[in-house]
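Data first, discussion second: the structure below is written as structure tokens.
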Amino acid sequence: QSAIFNFQSLLTVILLLICTCAYLRAIVPSLLDGHKTGVLGTFWKCARIGERKSPYVALCCVAMAFSILFLT
């Protein structure tokens with residue numbers, strides 16, 4: 001199935017997007033900082049969420065990994 005119709009897959013994709021954007025911004029800040037609006041602004045916003053809410057995002061990643069590994 002597509003990730004759009006499966007809620008667990010959708011959450012996994014969103015968490016991976018947030019973590020990837022935050023990692024890319026930490027490594028190459030100029031890649032995302034120039035695009036704060038438009039479609040590429042979505043990646044900048046995901047990076048900001050990953051930076052500011054990192055303990056919560058990390059907890060969600062651990063919970064999602066546990067769910068995927070042991071509950072499905």
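Nothing in this text is a laboratory measurement; each read-out follows from the coordinates by a stated rule. No experiment lies behind these values; they were computed from the predicted model shown. Positions of Cβ are generated from backbone atoms using ideal geometry, with glycine treated the same way; all protein chains shown enter the neighbour counts.
If you go through the range 32-72 one residue at a time, how many are over 13 Å from the mean Cα position of the chain (by Cα) and either surrounded by 11 or more Cβ atoms within 10 Å (Cβ to Cβ) or in contact (Cβ under 8 Å) with a residue 60 or more places away in the chain (or both)?
The qualifying residues number 11.
Across the range 11-31, what is the number of residues that are within 25 Å of ALA65 (Cβ to Cβ), surrounded by 15 or more Cβ atoms within 10 Å (Cβ to Cβ) and out of contact with any Asp or Glu (no Cβ under 8 Å at 6 or more places or on another chain)?
9
Select the helices (runs of 4 or more DSSP H) contained entirely in the chain, then report the ones holding at least 2 residues which are β-branched (Val, Ile, Thr).
7-27, 39-52, 54-66
Being among the hydroxyl-bearing types (Ser, Thr, Tyr) and farther than 30 Å from THR72 by Cβ is true for just one of SER54, SER30. Which residue is that?
SER30
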